[in-house]
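S.K.: Okay, here's the structure, questions in a sec.
The values are calculated or read from the model by the stated rules, or taken from the named source; none is laboratory data. Treat the numbers as computed from the prediction; the structure is a model and nothing was measured. Here the Cβ positions follow ideal geometry from the backbone for every residue, glycine too, while neighbour counts run over all protein chains shown. In case anyone asks, the SASA skips ligands and DNA or RNA and just uses the protein heavy atoms, side chains included. Shrake-Rupley method; radii C 1.70, N 1.55, O 1.52, S 1.80 Å.
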Amino acid sequence: MALIKNPFDHDLPPGDARLVHVHLDGEWVEVPAGLNVIEVAHRFGKQIPHYCYHPKLSISGNCRMCLFEMGMPRLGPDRKPILDGDGHPELQWMPRPQIACATTAFPGLGIRTTSTLVESCQKGVMEFLLANHPLDCPICDQAGECKLQEFAFDYGKGRSRFVEDKVRKPKRVDIGPRILLDDERCILCTRCIRFARELAGDDCLGITERGGYNRIAIHPEKRFTSDYSLNTADICPVGALTTKDFRFRMRVWFLKETKSICVDCATGCNVTIGSREGTVHRLTPRVNEAVNSHWMCDQGRLGFHPIHSKHRVLEPARREENGLFPGEWSLLLGQVAEALRKLEPSSLAFLVSARLTNEELFLVRSLRDLLAGESAILTEVVPRKGQADGLLRSDDLNPNSRGARILGIGADGEKLSVLRQRIEEGQLSGLFCLHEDAVAAGLPGELLGSLSVLVWQGILIDQTYERAHWVLPGASFAEKSGSMVNRADRVQRLERAIPAPGRSREDVWILRGLLLALGGEEPGQSGPEVFPKMAATIPAFHGLTWAGLGDQGQPLPVEVR
Amino acid sequence: MAQDGTVQNPTREHRIILRYADLPGYTPDIDCYLQHGGYEQLRKALSMEPAAIVAEVKASGLRGRGGAGFPTGTKWGFIDHAKNRKPVYLLCNADESEPGTFKDRQIIYKDPHQLIEGMIISSFANHAHLAYIYIRGEMARGAKILERALAEARAKNFLGTNILGSGYDLDIFVFRGAGAYICGEETGLIESLEGKRAYPRIKPPYFPAALGLYLCPTIVNNVETLCNVKHIVEMGGAAYARIGSTNNTGTRIWCVSGDVCRPGYFEYDGGAITMGELLYDVCGGIRNGNRLKALIPGGSSAKVLRAGEIYHIRRKNAAGAMEEIEMRLEDLPLDFDTIAASGSMSGSGGIIVMDHTRDMVECLDNLSAFYAHESCGQCTPCREGALWMRKVLDRMTGGKGRPEDPQLLLDLAGQIGGRTICAFGEACSWPVESFVAKFREEFESKAVAEEEKDRLQVTH
Ligand SMILES: Cc1cc2nc3c(=O)[nH]c(=O)nc-3n(C[C@H](O)[C@H](O)[C@H](O)COP(=O)(O)O)c2cc1C
Ligand code: SF4
Ligand code: SF4
Ligand code: SF4
Ligand code: FES
């Protein structure tokens, strides 16, 4: 079950649905009773083209693209189906085409997805949809992933007989803070209306005008402010709804697609990272019925931008009297290792981010254990609390709080006050901040100056960075592979989409450098390489493999607190 | 006029529904209605079992007067009252927007209590405790008349709680549309009544008898249909079934408009009069001494019939065997079945007459303008097709016809009918299909004229 409740699940029939025989393009096949005919065809590798149907929204039946020929068992005089030699019912084909999206499987249902009639229906609908379409594909962001283009190619007749003046409608309509509407491109499938009403709970979209002048509009006194508004741009089959963020940024066919997860909260929505030549251009939700189904929130979707910020730290450096001085990685890592080793373990602490991957956290843990010897080194994560929205977004804005807890790195910042106290009482002389700003986390900034060793590893300039003795530029979520545990205890993979910029490095690489400099064992060069050792060491991960996580993740094998 | 108040005329008009409507001195007031025996059938009905009324309606053979001619008793039989746990609603379709149709408004304006009595009986028969009259927005005065009549009926306890001591409760409200033809389509009407845009619903699953108003079982009937129920209760289903011909029982109100000398509405027993008699004897023939060119027999959505056409009508003869007979347009008896067998439909009873001076392309352009404006725009073929066809026809009448236009029109119409959410798809494509097929030469001549013009321009 997804962490969001969909109003409908036409593609997932109830588990106890009995199997029935339906006749699909000449063959009898078995499917669960009640399964939507579009999904029936899909399960057997056939496409029934459709625009308005969406597996998670109510059935509207307006586009008429999914028309098919429907058969029913022919009844004998006893009102029972007449059976053929093989015990299957004889079929009677209805003269009128039916819409697949509003038909569900029942015993003896006949389905023809291709026939002269079906093809004529598809050609007809395509011709009508294109008649008044502006055909601005050359400048349309949807081009390349547009269902109008695809179906025109697959089912259209290839030429238009329309010589009249096209209907003009509003373009560039600003319907919300993050989304724009082009009414001329809209094919009036009402997916966006149904999404806003049924999923986002913000019934602000509708249709105005009549007939061929119909157009989508926003309620005159409203804006589409929902934190889920951008999902409508995904489900809009054409380029009518575009996100202000991605609009005119990149032709989609140039985007490299990498399957990963969102790291903006503990839900861990599955995403596809669209990148080109070292730059991430967009995140789009990727279907995972155990997590986010088809959706993600706007904050998460737009949350990647800081990785290309001009405040990104790109050079490893050491602080000299007159400021930070860039240096060679090997040299600096050696210096940091040496400085850490010299410290009394009890006077050292790690302030770690719960936005790091399990593998990175595992290496932090190894580093801590290596340095601690018989004594103990304090580690803690910084909690980030937001507001759960009842849909996907969690109140925990750290994507891997569960991993940090499982790996014994920290638990919701319970020990932060101890850490603060130790600094205030002068018991601490070394602090290693990983992707966290100690000052923002509430540690007294003025006192950080009293530390003899302050190591900073992260991506964006912050107040701790300004004071750090060593600066180790790490990688963002898009620049590394690794795993995280979401709020439902599902272990999911991040995949590297782009290389870490400048001289920044993947955090596993940096931590490995420190471990090796301190005489530790070879932990593996990357997240996937670290994973087996971690799975062997940490009981909660026993039995998991990197490959086995797949792109849909796996639940934790054992229940953990 | 005969002693009993029935309007008799040389052409056998038999007024049951419009019996009093045009009687001098007859008013919409309840007192007038009561003086003429009003609400007596309600008393009778309330003493019957609801199922018995449904049985009488079934026996009467009454077919819906809204357009499709669906048997009313069968429609009422779809609700299984033993199983149903939801409220049942009865809706009177008073949207009357089909061009050429002006019968329901005669009842509403002149004899509203007849409708109300028919509705109360029908509601009782269908276990409905709430009913609405969905009236076309443009008929503002009609809405006022109905409001007043309902208030009068309430004051006399024909409506309200414990009606006439029977223990039966019912209220009826008037709901005004905002002026759209599609609100007459029953599921569009239901959506509109729910306060939404009148987008017709997909069927299946939203058959009104199962999932109608607020997804509860709902009966939608036309004004004229509901009025008939009162008379069925009065005379009994079997007696009613003897009026008119087999399968075309009772009377029907025909609305004649267009190029005849005396247009109007006329009530006849089903099949009792032929098209020729109606046009020439009743309506005084074609105006200005012109010749009949074509007519649309059942509201603008029906396929056009061309003067001079011969129809091969298959029907059951008196012995029950199928026979095929030849008929001219003028010989067609006015009923549901023969008009259907001629390839068109008697629909809402609106007969639109066109004489030989009419340009059929202009006529079709006029109809297409209506359909392009009235398509709700929900589904692709109708939304795009209706407007496209209109634009083609506008262009043709504007002197810019092309040789390929007639075929294009036929193709477009063929891509709409049978592929849409509601019957509007057929309503907008049938006129095009029939006009172009039957008057192809006129449509082709529009292109010829254009070519001529080009040639003329060149030589000048
Ligand atoms: C586009 C369209 C418009 C319609 N308009 C009307 C109308 O104005 N009045 C009406 O009674 N029926 C109209 N109908 C028919 C209704 O859908 C419905 O069949 C009828 O009200 C049922 O009543 P009856 O069984 O008494 O005929 C229309 C149907 C369509 C498809
Ligand atoms: S904007 Fe897009 S999703 Fe919305 S109705 Fe138009 S085509 Fe469909
Ligand atoms: S809900 Fe959370 S994980 Fe999902 S997209 Fe939004 S921020 Fe990302
Ligand atoms: S057929 Fe026309 S009127 Fe009926 S639902 Fe479709 S667009 Fe609307
Ligand atoms: S997908 Fe079935 S009508 Fe649109």
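S.K.: Mean shadow of the stretch B:59-162, computed from the convex hull of its alpha carbons, in nm²?
M.R.: Mean shadow area of the hull around the Cα atoms is 7.7 nm².
S.K.: Listed highest first by mean packing, meaning other Cβ atoms within 10 Å per residue, what order do A:305-314, A:327-336, B:310-319 come in?
M.R.: A:327-336, A:305-314, B:310-319
S.K.: Another one. A:Lys171: which lysines have alpha carbons under 29 Å from its alpha carbon, excluding same-chain residues fewer than 8 sequence positions away?
M.R.: Partners within reach: A:Lys56, A:Lys123, A:Lys147, A:Lys157, A:Lys222, A:Lys244, B:Lys196, B:Lys391.
S.K.: Restricting to Cα pairs below 8 Å that are 6+ residues apart, what does the relative contact order work out to for chain A? Please round to a whole percent.
M.R.: 11 percent
S.K.: Mean Kyte-Doolittle of at least -1.0 and a Cα length of 18 Å or more along the axis: which whole DSSP H helices of chain A meet both?
M.R.: A:116-131, A:329-342, A:358-372
S.K.: P(r) for the stretch A:1-69: what percent of alpha-carbon pairs falls in each 10 Å bin, starting at zero?
M.R.: 19, 47, 31, 3
S.K.: Net charge within 11 Å of B:Gly258 by Cβ-Cβ distance, Lys/Arg positive one each and Asp/Glu negative one each, not counting B:Gly258 itself?
M.R.: Residues near B:Gly258 contribute +1 overall.
S.K.: Helix-derived [θ] at 222 nm for chain B: sum -39500 (n - 2.57) over DSSP H runs of at least 4, divide by residue count, nearest 500?
M.R.: Theoretical 222 nm ellipticity from helices: -11500 deg cm²/dmol.
S.K.: Expressed as a fraction of 2.2 N^0.38 Å, the rule-of-thumb size for a compact globular protein of N residues, what is the C-alpha radius of gyration of the stretch A:3-114?
M.R.: The stretch A:3-114 yields a ratio of 1.10.
S.K.: Next question. Pick out, in residue order, every one of the chymotrypsin sites (Phe, Trp or Tyr not before Pro) in the stretch A:186-270 that is DSSP loop and has at most 15 other C-beta atoms within 10 Å; say none if there are none.
M.R.: A:Phe248
S.K.: Mind checking the mean number of beta-carbon atoms from other chains within 10 Å of the Cβ atoms in A:55-62?
M.R.: Shielding by partners across A:55-62 averages 3.
S.K.: Okay, next question. Using the C-alpha atoms of chain B, what convex hull volume per residue, in cubic angstrom, is computed?
M.R.: For chain B, the hull spanned by Cα atoms encloses 158 Å³ per residue.
S.K.: A:Ile235 accessible area, nearest 10 Å², 1.4 Å probe?
M.R.: 10 Å²
S.K.: Local charge sum around A:Ser353 (other residues, Cβ-Cβ under 12 Å, Lys/Arg +1, Asp/Glu -1)?
M.R.: Here the charged neighbours net out to -4.
S.K.: Ordering A:Trp546, B:Trp76 from largest to smallest accessible area (1.4 angstrom probe), what's the sequence?
M.R.: A:Trp546, B:Trp76
S.K.: Would you kindly find the accessible area of B:Tyr181, with a 1.4 Å probe and non-protein molecules such as ligands, DNA and RNA excluded, rounding to the nearest 10 Å²?
M.R.: Accessible area, nearest 10 Å²: 40 Å².
S.K.: A further question on this structure: Sorting check: for A:287-296, B:112-121, which peptide has the highest mean count of neighbouring beta carbons within 10 Å, and how do the rest follow?
M.R.: Result, highest mean Cβ count within 10 Å first: B:112-121, A:287-296.
S.K.: Run through the stretch A:349-423 and list the GluC sites (Glu not before Pro) located in a DSSP loop whose Cβ has at most 15 other Cβ atoms within 10 Å.
M.R.: Taking the stretch A:349-423 and a limit of 15 other Cβ atoms within 10 Å, the loop GluC sites (Glu not before Pro) found are A:Glu374, A:Glu414.
S.K.: Within the stretch A:317-560, what percent of beta bridges assigned by DSSP are antiparallel, to the nearest 5?
M.R.: Around 40 percent of the beta bridges assigned by DSSP in the stretch A:317-560 are antiparallel ones.
S.K.: Roughly how big is the B-A contact, given as buried accessible area in Å² (both sides, 1.4 Å probe, nearest 100)?
M.R.: In total, this chain pair buries about 2900 Å².
S.K.: Whose amide H sits under 5 Å from the amide H of A:Leu454, counting only residues 5 or more places off or on another chain, with H placed in the peptide plane?
M.R.: Placed amide hydrogens put A:Leu431, A:His469, A:Trp470 under 5 Å from A:Leu454.
S.K.: Same structure again: What Kirkwood hydrodynamic radius do you get for the stretch B:360-459 when you take the inverse of the mean 1/r over all pairs of distinct Cα atoms, in Å?
M.R.: 13.5 Å
S.K.: Rounding to the nearest 20 debye, state how big the charge dipole of the stretch B:360-459 is about its Cα centre with +1 on each Lys and Arg Cβ and -1 on each Asp and Glu Cβ.
M.R.: 220 debye
S.K.: With all protein chains present, calculate the accessible area of B:Ile182 using a 1.4 Å probe and round the result to the nearest 10 Å².
M.R.: Around 10 Å² of this residue is reachable by solvent.
S.K.: Also: Compute the projected area of the convex hull of the Cα atoms of chain A, averaged over all viewing directions, and report it in nm² to one decimal place.
M.R.: 31.3 nm²
S.K.: Mind checking which aspartates and glutamates have their C-alpha under 18 Å from B:Lys83, skipping anything on the same chain fewer than 8 residues away?
M.R.: Candidates past the 8-residue exclusion: B:Glu49.
S.K.: Compare B:Ser123, A:Ser429 by solvent-accessible area with a 1.4 Å probe and give them largest first, with all protein chains kept in place.
M.R.: A:Ser429, B:Ser123
S.K.: Just add up the charged neighbours of A:Arg420: K/R +1, D/E -1, any other residue whose Cβ is under 13 Å from the Cβ of A:Arg420.
M.R.: -3
S.K.: Using Cα-only point scatterers and the Debye equation, what is log10 of I(q)/I(0) for the protein assembly as shown at each q in 0.05, 0.07 Å⁻¹, rounded to two decimals?
M.R.: For the protein assembly as shown at q = 0.05, 0.07 Å⁻¹, log10 I(q)/I(0) is -0.46, -0.76.
S.K.: Additional query: Round to a whole number: what % of the accessible area of the protein assembly as shown belongs to carbon and sulfur, probe 1.4 Å?
M.R.: 52 percent
S.K.: Write down the percent of antiparallel bridges among all DSSP beta bridges whose residues are both part of chain B, to the nearest 5.
M.R.: Roughly 55 percent of the DSSP beta bridges within chain B come out antiparallel.
S.K.: Give me the distance between the Cα centres of the stretch A:8-83 and the stretch B:155-232, rounded to whole Å.
M.R.: One Cα centre to the other: 33 Å.
S.K.: If you plug each phi of the stretch A:105-115 into the Karplus form 6.51 cos²θ - 1.76 cosθ + 1.60 with θ = phi - 60°, what whole-Hz ³J(HN,Hα) values come out, in order, with x for Gly and Pro?
M.R.: 5, 9, x, x, 5, x, 10, 10, 8, 9, 5
S.K.: What share of the DSSP beta bridges in the protein assembly as shown is antiparallel, in percent to the nearest 5?
M.R.: 65 percent
S.K.: Taking amide H positions as placed 1.01 Å from N in the peptide plane, with prolines and chain starts having none, which residues 5 or more places from A:Leu460, or on another chain, fall under 5 Å of its amide H?
M.R.: Amide H to amide H, under 5 Å and 5 or more residues apart or across chains, A:Leu460 pairs with A:Val313.
S.K.: Given the C-alpha centroids of the stretch A:302-375 and the stretch B:43-80, what is the distance between them in whole angstrom?
M.R.: 85 Å
S.K.: Related question: Starting from the Kirkwood radius over alpha-carbon pairs of the stretch A:445-506, derive D by Stokes-Einstein at 4 °C in a medium of 1.567 mPa s and give it in µm² s⁻¹.
M.R.: The calculation lands on 95 µm²/s.
S.K.: Just to make sure I understand: if all protein chains stay in place, what is the order of B:Ser245, A:Ser417 by accessible area at 1.4 Å, largest first?
M.R.: In descending accessible area the options line up as A:Ser417, B:Ser245.
S.K.: Among the lysines, select those whose C-alpha is under 25 Å from the C-alpha of A:Lys533, and discard any that sit fewer than 8 residues away in the same chain.
M.R.: A:Lys259, A:Lys480
S.K.: Take the Cα radius of gyration of the stretch B:245-355 and divide it by 2.2 N^0.38 Å, with N its residue count; two decimals is plenty.
M.R.: 1.01
S.K.: For the stretch B:360-459, what's the relative contact order in percent, using C-alpha pairs closer than 8 Å and at least 6 residues apart?
M.R.: Computed value for the stretch B:360-459: 33 percent relative contact order.
S.K.: Could you please state, rounded to a whole Å, how far the C-alpha centre of the stretch A:256-299 is from the C-alpha centre of the stretch A:97-136?
M.R.: Taking the Cα centre of the stretch A:97-136 as reference, the centre of the stretch A:256-299 is 32 Å away.
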